[in-house]
1. So which pairs qualify, if the first residue must be in region 231-243 and more than 10 Å from VAL191 (Cβ to Cβ), the second must be open to solvent by less than 70 Å² (accessible area, probe 1.4 Å) and among the charged types (D, E, K, R), the Cβ gap must be under 6 Å, and the two must be at least 6 apart or on different chains?
2. Let me confirm something: among SER129, SER97, which residue is small (Gly, Ala, Ser), farther than 30 Å from TYR63 by Cβ and at pLDDT 90 or above?
3. Checking THR121 against (1) among the polar types (S, T, N, Q); (2) closer than 16 Å to ILE178 by Cα; (3) open to solvent by 50 Å² or more (accessible area, probe 1.4 Å), which single condition isn't satisfied?
4. Give, as residue ranges, the helices (runs of 4 or more DSSP H) completely inside region 1-107 that count at least 1 residues that are among the β-branched types (Val, Ile, Thr) and either more than 29 Å from HIS357 (Cβ to Cβ) or more than 19 Å from the chain's Cα centre (by Cα) (or both).
5. Could we say that PHE246 is in contact with a helix residue (DSSP H, G or I) (Cβ under 9 Å, 6 or more places away or on another chain), among the aromatic types (Phe, Trp, Tyr), under 25 Å from VAL160 (Cα atoms) and in contact (Cβ under 8 Å) with a residue 12 or more places away in the chain here?
6. Can you tell which of ALA295, ALA372, ALA309 is buried (at least 18 other Cβ atoms within 10 Å of the Cβ), of a type in the set (A, V, I, L, M, F, W, C), in contact with a Gly (Cβ under 7 Å, 6 or more places away or on another chain) and touching a residue at least 12 places away in the same chain (Cβ under 8 Å)?
7. Could you grab me the full set of residues in region 102-155 that are among the charged types (D, E, K, R) and closer than 21 Å to ASN80 by Cβ?
Amino acid sequence: MNYFSSDFKLGILGGGQLGKMLLSDTRKFDIQTYVLDPSDEAPSKIACNKFFQGDLMDYETVYNFGKQVDVLTFEIELVNLEALTQLENEGLKVYPSPKTLKGIQNKGTQKDFYTQSNIPTASYLRFESPAHLQKSVGNNEITIPFVWKCTEFGYDGNGVKVIRQISDMDDLPNVECIAETMVPFKNELAVIVVRNPSGEIKTYPVVEMEFHPEANQVEYVICPARIDEKVAEKARAIALNVSEKFNHVGLLAVEMFQTHEDEILVNEVAPRPHNSGHYSIEASYTSQFENHLRAILDLPLGNTDSKVAGIMVNLVGAEGFSGDVVYENIETILGWNGVTPHIYGKKQTRPFRKMGHVTIVNENMQEARRIAEDVKNTIRVISAQ
């Protein structure tokens, strides 16, 4: 099939920042794109050929959108599975497949999958509701502290909470959840796997993630991870095994814990471009977004190696500010070598909302990390006064 400068149409479910960055590569290759998103102010709206506003969880909306395109992908997991399954049954190429997404969309199902597939992961229990969980805690079936996760609709640090005392469970939403054993870990790592329908598969280098202690959001992504090469090899091998078991097509981001004994435990996965791969736009020979596009179109995969050390700094809304966004001191960091800001196009900021990221590239990892700290301390995402 001729994808380039042709009548071919690629459909993308979700029009957030991931879609916007993916669209930079569809524009590079002159591939027609249709985007569906609930918000009329979605960041992707400015970069696609046709934009449709609609509910991603509504069967008819997703089905009718899919009937207009030749290949369908998504940049967010919260989409109507039944519509995707019907479209696939009718012959539409949907990547990743609805079957893959079904095993990932619910975090409880995802954890069950790891256990059944002998993939190392932290021990856990599933619960219908917080009341069921509290009863189990009262019966000493679960030991505090533990990590609470809602099984569906959690994102960007929402839907995850560390339970350190009984009172921490008082305000939990009334949803299905899991209680996960606290893992004493040395590092939080991630590996992105890319695979096309022909079976060609590659991994990006292992990255290291540093999290904000309160918001449960990634503050820095560091590539390559500052870990022993044997640990890195083990992490990449486990990521490949996870990919094989899910039989995914496109990108699969595998988040992991490195324990103090250097064991690797899988935390969770995302079947799409991911925050842990944003550094690749500047630091890699082929960005995660271009490789996702190559994979779902069954084209040869690009080189996943890094050209230089890369660090990503997330730009999130500063505490105490809500309203029309202002990027304070962005002119300052634009004057620094190897520093590239990416602004997502969200007009309204609020505390901890992901508004953009900054990539720092340097041949020296220590220098890149120093500059990243300066970037973090210089630019602020605030609101107009």
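The values are calculated or read from the model by the stated rules, or taken from the named source; none is laboratory data. If you're wondering where the values come from, they're calculated on a predicted model, not measured in any experiment. Cβ coordinates were reconstructed from backbone atoms using ideal geometry, including for glycine residues, and neighbour counts include every protein chain displayed. SASA here: full protein model, heavy atoms, side chains in, ligands and nucleic acids out. Shrake-Rupley method; radii C 1.70, N 1.55, O 1.52, S 1.80 Å.
1. VAL231/ASP262
2. After ruling out the rest, the residue left standing is SER129.
3. In the conditions (1) among the polar types (S, T, N, Q); (2) closer than 16 Å to ILE178 by Cα; (3) open to solvent by 50 Å² or more (accessible area, probe 1.4 Å), THR121 misses (3) alone.
4. Output list reads 17-28, 59-66, 81-89.
5. yes
6. Details: ALA372 fails: in contact with a Gly (Cβ under 7 Å, 6 or more places away or on another chain); ALA309 fails: in contact with a Gly (Cβ under 7 Å, 6 or more places away or on another chain).
Residue meeting the stated conditions: ALA295.
7. LYS102, LYS107, GLU152, listed by residue number.
Every residue, every condition in (1) in a loop (DSSP other than H, G, I, E, B); (2) loosely packed, with under 15 Cβ neighbours inside 10 Å; (3) in contact with a Ser or Thr (Cβ under 9 Å, 6 or more places away or on another chain); (4) not basic (Lys, Arg), yes or no:
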position: ARG126; (1), (2), (3), (4): no, no, yes, no
position: ALA131; (1), (2), (3), (4): no, yes, no, yes
position: SER136; (1), (2), (3), (4): no, yes, no, yes
position: ASN140; (1), (2), (3), (4): yes, yes, no, yes
position: THR143; (1), (2), (3), (4): yes, yes, yes, yes
position: LYS149; (1), (2), (3), (4): no, no, no, no
position: VAL162; (1), (2), (3), (4): no, yes, no, yes
position: SER167; (1), (2), (3), (4): no, yes, no, yes
position: ASP171; (1), (2), (3), (4): yes, yes, no, yes
